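The block underneath contains the structure these notes are about, expressed in structure tokens.
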Amino acid sequence: MRAPVQRLADLQTREEALGYLQDAFRRQLEASIDAHTEPNTSISGDYSVRQAFNVLLSPTEQRAFFQQIVSDRRYWPRIKSLIGNPPFSFLLPEDEGLLRAGGICKNRANLHTTVSNISKAPDFGEGHFRDDAERTYRIINHDLKDASLPWQNISTQQQLVVDVRLKMYSHKTKVQIFRGTDGAKGNKASLMFPRPGEEVVWHLNRDLEILGSYAITVRVDSGKQKVRFSPIADKNITCMRGRPRTRPCPSKPRTAAERKRRARARVRALRALRALRALRASRGHAQELHALKVRSRGFFELALAFALPPRVRIRVLGFVGWLFAVGCGHGDRRGAT
């Protein structure tokens, strides 16, 4: 039996993502019923479930999932807290009769967007990728025949449709960034969308990373802004080079041998990480010995340094260094060479 999912990065296939969301929605529904929560009122855990809904599913999958849960009347009072306020960018005009938008949020008349089907700001969540200008990207055109998740298995020269959102600043901060005023946080690139022909480095969202930060380089082909002065735009992207190293997407269920192999790989990676930390610590001890003008004496000093707590290490190493210095005739440590 597979261990419970602790992070979104632990999910490997769209099937696993749908199962995770169904369980999460069910838990939040049961918790709200047990707590006698008022309709359209959030409870603990709703925000993380809403973020997972925005990150894990493409708009087509979001529409199918929405149609599935609204078939259960118990979810109707939970739509606002688990999915958000209408209009929803993933719905189509023929979905208008599923629910009454005014029952979810006051003064809302439509379930679907009548202006543009480009994502709204809350639809991004933490996004799939970010660039150096702190712009957030969300992949839209995920191939439904591909069992992997939207940010996985992106190949070179693959064309993507993404929505991009600029970082939000106050008007005063924007003026400071344009003028280059000292103390202004951000750069001019964070105030404008990437232009056609521009190459941008994407960094995978930290919640989706497995072993560390990974980046890919993409080229902007074309795009359009949602509406005038909107911080959101739709872009056509071509992946140029690089690939986020994610877990492979298996076509068959895992076998016991595969689980053991991956467990051994995780153990080896953990050992390598511990060895790297030990190497960095040994370099720190060597710098301490060098500061004391003591030549390295090999295994004894390193073992002594590793065995001592940080607060005691300097004093003991200093005394040992003085003994070595006197024994070798170096005299005062301050003048030793």
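For this structure, a couple of remarks:
- Estimated inter-spin distance, residue 106 and residue 143, nm [label 7 Å along Cα→Cβ]: 4.9 nm
- Under 5 Å, built H, 5+ apart or other chain: amide partners of residue 135: none
- Cα pair distances in segment 20-150, grouped into 10 Å bins until the bin that holds the longest one, percent each: 12, 43, 35, 10, 0
- Pairs over the 23 Å Cα-Cα cut-off, from the set 80/235; 80/224; 188/224: 80/235; 80/224.
- Dipole magnitude for segment 126-241: computed about the Cα centre from +1 point charges on Lys and Arg Cβ and -1 point charges on Asp and Glu Cβ, it is near 620 debye.
- Residues of segment 57-84 falling in the label zone of residue 96, defined by backbone nitrogen less than 15 Å from a point 7 Å along Cα to beta-carbon, are absent.
- Candidate aspartates and glutamates for bridging to residue 226, where Cα separation is under 17 Å - those fewer than 8 sequence places away on the same chain excluded: 123, 163, 234
- Evaluating 6.51 cos²θ - 1.76 cosθ + 1.60 at θ = phi - 60° for every residue in segment 40-47, the Karplus couplings come out as 6, 10, 7, 10, 4, x, 5, 5 Hz, glycine and proline recorded as x.
- Three-way shape call for segment 90-171 based on the alpha-carbon gyration tensor, with the a/c threshold at 1.5: oblate
- Electrostatic dipole magnitude of segment 8-104 [Cβ: Lys, Arg +1; Asp, Glu -1; Cα centre; debye, to 20]: 220 debye
- Pair residue 199, residue 31: separation of 7 Å Cα→Cβ label points (nm): 4.5 nm
- Contour minus Cα-Cα distance for residue 178 and residue 227 (0.36 nm per residue): 15.4 nm
- Each of residue 43 and residue 7 was given a label point 7 Å from its Cα along the Cα-to-Cβ line. The distance between the two points is 2.8 nm.
- Debye intensity ratio I(q)/I(0), log10, segment 126-241, q values 0.15, 0.20 Å⁻¹ (C-alpha model): -0.69, -1.12
Only the coordinates and a few stated rules stand behind these numbers; no lab work does. None of the values given here were measured: they were computed from a predicted structure. As a convention, Cβ positions derive from the backbone with ideal geometry for all residues, glycine included, and neighbour counts pool all protein chains shown.
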